[in-house]
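Enquirer: Okay, here's the structure, questions in a sec.
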Amino acid sequence: MSISLKRARAIFVKDYKEFSRNYAISIMLIFPILLAFLYRGLGISSIGVFGFLLNFLFAFLTSFVQACLIAEEKERNTLRSLMMTPATAMDVLIGKSALVFVMSAVVLAIVTYIFGYEPVSIWTFVATIILSIILYSAVGTICGLFSKTVLETSLFIIPVEAVFLAAPFGVLLAKDFPIFKVLEYVPSSQLVYLLGTSNIGFTTGDLLKPFLITLIWTVVLTIVSVVLYKRRLKDE
């Protein structure tokens, strides 16, 4: 499938202009930063809190804003027109995800700086974070495609993201309830595991496992989002 960076860039610029006028969605950029300052002010700077904050950022910034961008196109009946342009599915999805990617990366960098977190392996951390942004963008795209309006987006995105956000806490119950052990393989749980890797005595496997699990989730959900987008074109 061909990808035109020029078309993707045009979609990025279009979304940026529309996003800058949408203050209701723009406010989502502030929440993670405010929470980071709040936790730091209270003297709470544990890895668990930092992991929760990053997962919160992915769930309610990356995914939610992405879903709103897709749903807004559908609400104004412009998604059909976008689909009928020469832009391919990848052009559209990359263009619409680029804005969310940039916003998420900037906010995440600020939050990481506020917490003063230093990863065991900067490359593994950065690679996993990039995959996570792509993964949650795909989740947002899928939810946006199932929504008819921006308001309806919350009905789809919040339950889905609640599962991702709560997974690391559910893992704590695995000792008493073995069924919860499956939550260890949710990306949010693997991110917390990666963040908690000790500087002393860690192995390559300790870093590789969360990265590979996140990679698998990212590939699968990205493929699903592209397939659903193409199917939406045929259904319209």
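Enquirer: Taking the simple approach of a point 7 Å from Cα along Cα-to-Cβ for both Val224 and Ala166, what is their distance in nm?
Expert: Those two pseudo-labels are separated by 1.8 nm.
Enquirer: Given R₀ = 22 Å, FRET efficiency for Leu151-Ile30 by Cβ-Cβ distance, to 0.05?
Expert: According to the calculation, E is roughly 0.55.
Enquirer: If R0 is 22 Å, what FRET efficiency do you get for Val49 and Ile110 from their C-beta distance, rounded to 0.05?
Expert: So, using R0 = 22 Å, E works out to roughly 0.85.
Enquirer: So, with a 1.4 angstrom probe, what is the percent of accessible area on region 86-236 that is carbon and sulfur?
Expert: 74 percent
Enquirer: Would you please calculate the Kirkwood hydrodynamic radius of region 115-192 over all C-alpha pairs and express it in Å, rounded to one decimal?
Expert: 14.3 Å
Enquirer: Now for a separate question. Stretched out fully, how many nm does the piece from Arg40 to Ile179 gain, at 0.36 nm a residue minus the Cα gap?
Expert: Answer, rounded to one decimal: 46.6 nm.
The values are calculated or read from the model by the stated rules, or taken from the named source; none is laboratory data. Note that the structure is a prediction, hence the values are computed from the model and not measured. Here Cβ is always computed from backbone atoms with ideal geometry, including for glycine, and neighbour counts include all displayed protein chains. These accessible areas exclude ligands, DNA and RNA; they are computed on the full protein's heavy atoms, side chains included. Shrake-Rupley method; radii C 1.70, N 1.55, O 1.52, S 1.80 Å.
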